[in-house]
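What follows draws every value from the coordinates through simple rules; no lab data is involved. As the structure is a computational prediction, the values presented were derived from the model and not from experiment. All Cβ positions, even for glycine, are placed from backbone atoms using ideal geometry, and neighbour counts span all protein chains on display.
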């Protein structure tokens, strides 16, 4: 019986880590789905109330809060801000669409 | 006593939704922090084993899986892919840095 080579051990460890990454990604997708359910309701509410799609003051507070939370959980705050900006960009596009649908 | 105006009701509903969004964002940041802990270990392991930082076959499988998961959870699959690409881009940059540190 031959022993486990360093390469085999590395492959096994990589497999284990990837399985955790896949689990975290599944959670991530479901969290994002839930977040967009909330922002869809926000978008419809804003369109109905004639509120503007973007809210720069609220966004600044969100970014500061998440940067600080990233820092304390060991995530690069610059990356946290980047991800939040991608999400907010998508949300604003959706809100604008709701507003257009209402006006159109 | 005056009744609640439509605007007050909209503001209260917006406040409630934003509080849920903030909770989901906190979960999101902590999930991402955990995911980057895993990929940091993957990066060091790959650098040690001399494996390439990127793995296009693995990425294609991840993207297909998450697009399908997004679809069934009501999240735009195109957006899910976009977010995953931002994350993977960051992970590969980190992996390249580990490889350079090891070589340098």
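In nanometres and ascending order, the distances from the residue A:74 label point to those of the other copies are 3.4 (point 7 Å from Cα along Cα→Cβ). Remark: relative contact order (region B:6-103) = 35 percent; criterion is Cα-Cα distance under 8 angstrom and separation of 6 or more residues.
For chain A, the longest principal axis of the C-alpha atoms and the axis of helix A:56-73 are separated by about 20°. Using bins of 5 Å that start at zero, the share of Cα-Cα pairs per bin across the protein assembly as shown amounts to 1, 7, 13, 16, 17, 14, 11, 7, 5, 4, 2, 2, 1, 1, 0, 0, 0, 0, in whole %. For chain B, the longest principal axis of the C-alpha atoms and the axis of helix B:77-103 are separated by about 40°.
Across the alpha-carbon atoms of region A:48-104, the computed radius of gyration and Dmax are 14.1, 46 angstrom. Rg over Rh for region A:4-45 works out to 1.44, using Cα positions for both radii and the Kirkwood form for Rh. Connecting C-alpha atoms closer than 10 Å in a GNM of chain B, tell me which of B:50, B:74, B:89 has the biggest fluctuation. Largest GNM mean-square fluctuation: B:74.
For chain A, with a Gaussian network of springs between Cα atoms less than 10 Å apart, report the residue from A:15, A:30, A:78 with the top mean-square fluctuation. Sorting by GNM fluctuation, first place goes to A:15.
Across the residues of A:55-63, average count of Cβ atoms on other protein chains within 10 Å?
Details: counts 2, 0, 0, 3, 0, 0, 2, 4, 0.
Across the residues of A:55-63, the mean count of other-chain Cβ atoms within 10 Å is 1.
Restricting to DSSP H runs of at least four residues, report the calculated mean residue ellipticity at 222 nm for the protein assembly as shown, -39500 (n - 2.57) per run over all residues, nearest 500 deg cm²/dmol. Let's see the in-between values first.
Details: 6 runs with 178 residues, N = 208.
Rounded to the nearest 500, it is -31000 deg cm²/dmol.
Taking every Cα-Cα distance in region A:6-103 and sorting them into 5 Å bins starting at zero, the pair-distance distribution P(r) comes out as 2, 11, 15, 17, 16, 12, 10, 6, 4, 3, 2, 1, 0 percent. Copy-to-copy label distances for residue A:30, where each label lies 7 Å from Cα along Cα-to-Cβ, are 1.5 nm in order of increasing length. Compared with the dominant Cα axis of chain B, that is its longest principal axis, helix B:6-49 is turned about 10°. Averaged over the residues of B:38-48, the number of partner chain Cβ atoms lying within 10 Å of the residue Cβ comes to 3. Counting only other chain Cβ atoms within 10 Å of each residue's Cβ, the peptide A:69-76 averages 6. Return the single residue from A:57, A:33, A:49 with maximal mean-square fluctuation; model: Gaussian network over chain A, springs between Cα atoms under 10 Å. With Cα springs under 10 Å in chain A, the top fluctuation among A:57, A:33, A:49 is at A:57. Each other copy holds its own label point for residue A:93; taking that point as 7 Å from Cα along Cα to Cβ, the gaps run 2.1 nm, nearest first.
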